[in-house]
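Before any comments, here is the structure.
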């Protein structure tokens, strides 16, 4: 591209200038990179629109030049993500969730309609998973030190005390009045396990309303929503996502294909601490009050990103066998577990409902792969 040529606003919003600039460049090693040596046409390149929110990078990927107004819609979607953070963050005293946490033990609190619907879904997921997923686990997060990202080993008495204030069954939701009340004092909501996925679903509504049919939007790479596909990926177009090593983020274990679905990954590779030589991760079992063990990461494909996020947390806690039982009645779900491998320094993959969607990239790191179920995705 001639560096002296000026870019018009219309060309920028259509992706033409980015497409032309990228036409002579090779892709790097990003999660959406094509295979080395493949030839690409200008229409195959991607536009990326990003924003910082919820303590991570949110990014929207668009096929360059495909949709007029796509960049504007992506920017509007990311604006909404920031507003939703302001509504849901427990770290902001003025947020709606913080106000609920302060007042709901004393009186019913009216909740914004879309947030109320999300709370109802979260309570339903808690019931369906036998309490393995629970948005009221905030007292446990604090007693284990993960609220401040410091990590500390609590006493048995402290864990028992925190458990007295945990349990979605103690949330009183009035659908007619759209209110929430805590059945016990000391309870609190924490939507950190579902907030990013919910924000992606809401942002996708804006993109789809603008007529954008092919896009991928993610929050911190662990929460992803795909619609349509990347034009360079084949027919029908799809998005290819890297499944990274849960303990070594620089290594890509496998590649997952996505089209019309959400993806959520839960793991303790980033937040953990050691106590007396034993490793404790930040994903807590709300039933026992202690960190879940036995799984390195759980990745879920679901119809939307909020459910994928919530179930990734639940399945990390439940483990492979209980997750398989859950998925027997939900054939639209698919799961990839990363477990400790049979050989030192390796991992094993256990899959449910995964067929041609998964391709292993790092044979040296994967010490075993098996299929835990036959449910289709």
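The values are calculated or read from the model by the stated rules, or taken from the named source; none is laboratory data. These numbers come from a predicted model, not from an experiment. Using ideal geometry, Cβ is built from the backbone for each residue, glycine included, and neighbour counts are taken over all protein chains shown.
Below are the figures for this structure:
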{"quantity": "The listed residue being modelled with pLDDT of 95 or more and crowded, with 16+ Cβ neighbours inside 10 Å, out of 183, 151, 167", "calculated": "167"}
{"quantity": "Check on residue 349, outside the structural domain of residue 166 (by TED's automatic domain parsing) and either within 27 Å of residue 117 (Cβ to Cβ) or surrounded by fewer than 20 Cβ atoms within 10 Å (Cβ to Cβ) (or both)", "calculated": "no"}
{"quantity": "Flag if residue 322 is within 19 Å of residue 132 (Cβ to Cβ) and either part of a helix (DSSP H, G or I) or out of contact with any helix residue (DSSP H, G or I) (no Cβ under 8 Å at 6 or more places or on another chain) (or both)", "calculated": "yes"}
{"quantity": "Out of 186, 211, sole residue that is over 19 Å from the mean Cα position of the chain (by Cα), touching a residue at least 40 places away in the same chain (Cβ under 8 Å), closer than 25 Å to residue 259 by Cα and not in a helix (DSSP H, G or I)", "calculated": "211"}
{"quantity": "Positions within region 110-126 being in contact (Cβ under 8 Å) with a residue 12 or more places away in the chain and part of a helix (DSSP H, G or I), in sequence order", "calculated": "113, 114, 115, 116, 118, 119, 120, 121, 122, 123, 125, 126"}
{"quantity": "Residue match in region 276-287 (condition: part of a strand (DSSP E or B) and without any contact (Cβ under 8 Å) to a residue 12 or more places away in the chain)", "calculated": "yes"}
{"quantity": "Region 34-57 - residue that is farther than 30 Å from residue 149 by Cβ and surrounded by 12 or more Cβ atoms within 10 Å (Cβ to Cβ) and, of those, modelled with the highest pLDDT", "calculated": "47"}
{"quantity": "Qualifying residues in region 76-106 (those that are part of a helix (DSSP H, G or I) and in contact with a strand residue (DSSP E or B) (Cβ under 6 Å, 6 or more places away or on another chain)) - the one farthest from residue 195 (Cα to Cα)", "calculated": "103"}
{"quantity": "Qualifying residue in region 300-315 (condition: over 26 Å from residue 140 (Cβ atoms) and part of a strand (DSSP E or B))", "calculated": "yes"}
{"quantity": "Residue in region 148-156 that is more than 25 Å from residue 220 (Cα to Cα), touching a strand residue (DSSP E or B) at 6+ places or on another chain (Cβ under 7 Å) and not assigned by TED's automatic domain parsing to the domain that holds residue 276 present", "calculated": "yes"}
{"quantity": "From 338, 295, residue being surrounded by 24 or more Cβ atoms within 10 Å (Cβ to Cβ) and in a loop (DSSP other than H, G, I, E, B)", "calculated": "295"}
{"quantity": "Condition broken by residue 268, with the remaining ones in (1) crowded, with 16+ Cβ neighbours inside 10 Å; (2) within 24 Å of residue 203 (Cβ to Cβ); (3) touching a strand residue (DSSP E or B) at 6+ places or on another chain (Cβ under 6 Å) satisfied", "calculated": "(2)"}
{"quantity": "Options 334, 312, 302: the member that is at pLDDT 95 or above and more than 20 Å from residue 135 (Cβ to Cβ)", "calculated": "334"}
{"quantity": "Conditions (1) in contact with a helix residue (DSSP H, G or I) (Cβ under 7 Å, 6 or more places away or on another chain); (2) assigned to a strand (DSSP E or B); number of the one not met by residue 349", "calculated": "(1)"}
{"quantity": "Candidates 202, 152 - the one that is touching a residue at least 40 places away in the same chain (Cβ under 8 Å) and more than 23 Å from the chain's Cα centre (by Cα)", "calculated": "152"}
{"quantity": "Unique residue being part of a strand (DSSP E or B) and in the same structural domain as residue 81 (by TED's automatic domain parsing) when the list is 217, 206", "calculated": "217"}
